[in-house]
1. Is there any pair linking a residue in the stretch 50-68 that is on the phi < 0 side of the Ramachandran plot and at pLDDT 95 or above to one that is surrounded by fewer than 19 Cβ atoms within 10 Å (Cβ to Cβ) and part of a strand (DSSP E or B), with Cβ under 8 Å and at least six apart or on different chains, and which?
2. Condition (residue is surrounded by 19 or more Cβ atoms within 10 Å (Cβ to Cβ), farther than 23 Å from residue 162 by Cβ and more than 15 Å from the chain's Cα centre (by Cα)) applied to the stretch 38-49: is it met by at least one residue?
3. Out of 54, 70, which single residue is surrounded by fewer than 20 Cβ atoms within 10 Å (Cβ to Cβ) and more than 21 Å from residue 144 (Cβ to Cβ)?
4. Could you list, in sequence order, all residues of the stretch 158-173 that are modelled with pLDDT under 95, under 22 Å from the mean Cα position of the chain (by Cα) and surrounded by fewer than 14 Cβ atoms within 10 Å (Cβ to Cβ)?
5. So residue 20 ticks every box in (1) part of a loop (DSSP other than H, G, I, E, B); (2) touching a strand residue (DSSP E or B) at 6+ places or on another chain (Cβ under 6 Å); (3) farther than 21 Å from residue 155 by Cα but one. Which box is left unticked?
């Protein structure tokens, strides 16, 4: 089922999501709905707060572009994106690695708004899975960036928080419009 994506300034986007303690049918259905919603919106990631659920649950799929990463290891084994995407993860822990790089990002909760965001180029992510286990993903490129972006959502942090002060100043009118329209 396609869910409604909530837009800034919805309060749920600023909440720290609750840890997922029990993986039940409701959580599994939410994850399936989020994947369907992400695809419908042409996104590469979606976090539970973006569909109004304050939980540490997110989905990512960047497999449309195998060249968007230079390496991918899952539990120490080399993998291809198509082997693990879409990925559903809960209660993530990140180790940010590599030099910071600036890339243009957007967000489904901020329609038609993009900006240059500085993030570490690599990530080692320990991610809970729907089967109750966990995986360790080491990667770079768009996959690392998408994981970081979605994990930010799970802790109430938005991509606009990572924009330069000059860019924030430039978009303040658009943010005000969003507050007036969606607030």
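1. Hits for this filter: 54/16; 54/18; 55/18; 56/18; 56/91.
2. no
3. Going through 54, 70 in turn, the sole match is 54.
4. Answer for the stretch 158-173, where residues must be modelled with pLDDT under 95, under 22 Å from the mean Cα position of the chain (by Cα) and surrounded by fewer than 14 Cβ atoms within 10 Å (Cβ to Cβ): just 164.
5. (3)
The values are calculated or read from the model by the stated rules, or taken from the named source; none is laboratory data. It should be emphasised that the depicted structure is a prediction, and the values quoted were computed from it without experimental measurement. Counting neighbours? That spans all protein chains shown, and the Cβs are built from the backbone with ideal geometry, glycine included.
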